[in-house]
Amino acid sequence: MNEETLALRRQMVDICRRMNSSGINQGTAGNLSVRHGSGFLITPSSLPYDTMQPEDLVEMDFDGTYEGRRPSSEWRFHRDILRERTDINAVLHCHSIYATTLACHHKTIPSFHYMTGVAGGTTIRCAKYATFGTQELSNNALEALMDRKACLLGQHGQISLGDNLEAALWLAIEVETLSRVYVQALTLGEPPVLPDDEMARVIEQMRRMSYGLAPDAEGTNDVARLRS
């Protein structure tokens, strides 16, 4: 195992443990994968994160073959997402409490708050329910993730995607935070939704900021600039 691969495996173990310490996951629930070489690395089945070691992570190919421990039962949607979504490199699945609460009601998160745009669109969809570990669940997840970087899984949990492992964890925490706010907002009634044209501006602002550009829309507001 070369140093680059070992470093990636160590980072996966760290992210898994942070999933639990951040509160978005519990016990051995949830799973994580990252693109590697011509295939991907994925967490093994039923191994507690606090005892997991870098060598425990499973090497898989896109044909479903693997080396080492038995992979997560959800390897199919990890495989299919990484194969179909060449724009992302990491897939994180967890059973965070508030996202799962909404998923139990098959509720899509609307643009009740501008941060809904972090998932890439005006909504965070909820996929139809299917038995865990099945191809049907993978197919449903792919549909819900079309043009998005996150979705809920009906009566199950959430999936968040990222360019890298840190980005996937960050988005999963954001989805859980949005879910919590939405659940609390619903106690006062269905909240108003931002219109699509405003969400388009929000998403463009987010895109600009992700590329290190000024957060203010050019020609709209004063632009923050470095003092000379």
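Taking LEU161, LEU171, LEU32 in turn, the Gaussian network model of the chain (Cα-Cα springs below 10 Å) assigns the largest fluctuation to LEU171. Carbon-plus-sulfur accessible fraction, the chain (probe radius 1.4 Å, protein heavy atoms only): 50%. The residue among THR116, PHE40, ALA103 whose Cα reaches farthest toward the positive pole of the charge dipole of the chain, with charges on the beta-carbon of Lys, Arg, Asp and Glu, is ALA103. Along the Cα→Cβ direction, 7 angstrom out, place labels at SER22 and THR86. What is the inter-label distance in nm? My value for the distance between the label points is 2.8 nm. Is region 120-209 rounded, prolate or oblate when judged by the Cα gyration tensor, a ≥ b ≥ c being the square roots of its eigenvalues, rounded requiring a/c under 1.5 and prolate requiring a/b larger than b/c? Because a/c hits 1.5 or more and a/b fails to exceed b/c, region 120-209 counts as oblate. Which value, to two decimals, describes the C-alpha radius of gyration of the chain once divided by 2.2 N^0.38 Å? Taking the Cα Rg and dividing by 2.2 N^0.38 Å, one obtains 1.06. For the chain, the solvent-accessible area with a 1.4 angstrom probe is 51 square angstrom per residue. When +1 charges are put on Lys and Arg Cβ atoms and -1 charges on Asp and Glu Cβ atoms, the dipole computed for region 3-209 relative to its Cα centre reaches about 360 debye. Taking a quarter of the surface of the Cα convex hull of region 34-122 gives a mean projected area of 7.4 nm². Dipole check for region 40-163: with +1 at the C-beta of Lys and Arg, -1 at the C-beta of Asp and Glu, and the Cα centre as origin, the magnitude is about 560 Debye.
For MET115, the solvent-accessible surface computed with a 1.4 Å probe is close to 40 Å², ligands and nucleic acids excluded. Backbone amide hydrogens, once placed in the peptide plane, bring ILE124 within less than 5 Å of ILE109, excluding anything fewer than 5 places away on its chain.
For region 25-39, backbone phi angles converted through the Karplus equation (6.51, -1.76, 1.60; θ = phi - 60°) give residue-by-residue couplings of 8, 9, x, 9, 5, x, 7, 8, 9, 8, 4, 8, x, 8, x Hz, Gly and Pro being listed as x.
Secondary-structure-derived ellipticity at 222 nm for the chain, considering helices only, amounts to -12000 deg cm²/dmol, per-run term -39500 (n - 2.57) for DSSP H runs with n ≥ 4.
The values are calculated or read from the model by the stated rules, or taken from the named source; none is laboratory data. This structure is a prediction, so every number in the text was calculated from the model and none was measured. Neighbour counts run over all protein chains shown; Cβ positions are idealised from the backbone, glycine included. Accessible surface is based on the protein model in full, side chains and every heavy atom, while ligands, DNA and RNA are left aside. Shrake-Rupley method; radii C 1.70, N 1.55, O 1.52, S 1.80 Å.
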